1. In this structure, is Ala149 under 25 Å from His87 (Cα atoms) and modelled with pLDDT under 85?
2. So, in segment 83-124, of the ones that are of a type in the set (S, T, N, Q) and at pLDDT below 90, which residue ends up farthest from Ser147 (Cα to Cα)?
3. Considering segment 38-86 alone, what residues qualify as being farther than 30 Å from Tyr103 by Cβ and touching a Lys or Arg at 6+ places or on another chain (Cβ under 9 Å)?
4. Mind listing just one residue for me: the one in segment 126-142 that is surrounded by fewer than 13 Cβ atoms within 10 Å (Cβ to Cβ) and among the hydrophobic types (A, V, I, L, M, F, W, C) and, of those, modelled with the lowest pLDDT?
5. Name the residue that is nearest to Pro70 (Cα to Cα), counting only residues in segment 90-124 that are among the charged types (D, E, K, R) and over 36 Å from the mean Cα position of the chain (by Cα).
Amino acid sequence: MFRLAALAVLCCSAVRAQVVTSVQAPPSQIVQVAAQPVHVVQSAPIVQRVIQTAPVVVAAAAPVVEPAYPPQPYHFSYTTVTEEGAHSHEETSDAANRRQGSYSLSIADGRQRIVRYVADENGFRAAIETNELGTESNSPAAVQIVSTAPTGPEAAIQAEAYLSRTITGFPYYRRASSKA
């Protein structure tokens, strides 16, 4: 933009300089110039956008009907053991599609949890056995919890041992030392 303005100033000053010099000097030859109008013979074509659409055919997919097989009895089980503990699961089903099974978790620090369950026409029912702290049976919930967790001084010793170990990757709280 600056260059365009500078060019316009230079052109105007050059024209003024010629006019001033032509006024001061006697004219040697005068030439008359007239601009001729330009006639438009043909206009440019007008571009129009044309969007062509194809008809859309909608057809519903044929329903997939898979055969309904009667329940088949089965049994499966597995056990996984790592340095952190063991996990196992076992389940059995009968011809009436009733299932019963259990799964267990044994952690290396001695905590254990066993869940035994039944799933039949009366719903899902589970019984949990554990020795984890804070799981004493005092809930009227539908799940039955059988706890063998220690109570009293033995629970405090076990809790202190659990809280004093380092757990990586999880927030944990360590009891402040009473030593000054």
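The values are calculated or read from the model by the stated rules, or taken from the named source; none is laboratory data. Predicted, not measured: the structure shown is a model, and the values here were computed from it. For neighbour counting, all protein chains shown are included, and Cβ atoms are generated from backbone atoms with ideal geometry for every residue, glycine included.
1. Judged against the criteria, Ala149 is a match.
2. Within segment 83-124, the match that is farthest from Ser147 (Cα to Cα) is Asn97.
3. Within segment 38-86, no residue meets the criteria.
4. Ranking the candidates gives Ala142 first.
5. Asp94
This table checks each residue for (1) in contact with a helix residue (DSSP H, G or I) (Cβ under 8 Å, 6 or more places away or on another chain); (2) at pLDDT below 75; (3) of a type in the set (S, T, N, Q).
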site	(1), (2), (3)
Leu4	no, yes, no
Gln52	no, no, yes
Pro67	no, no, no
Pro71	no, no, no
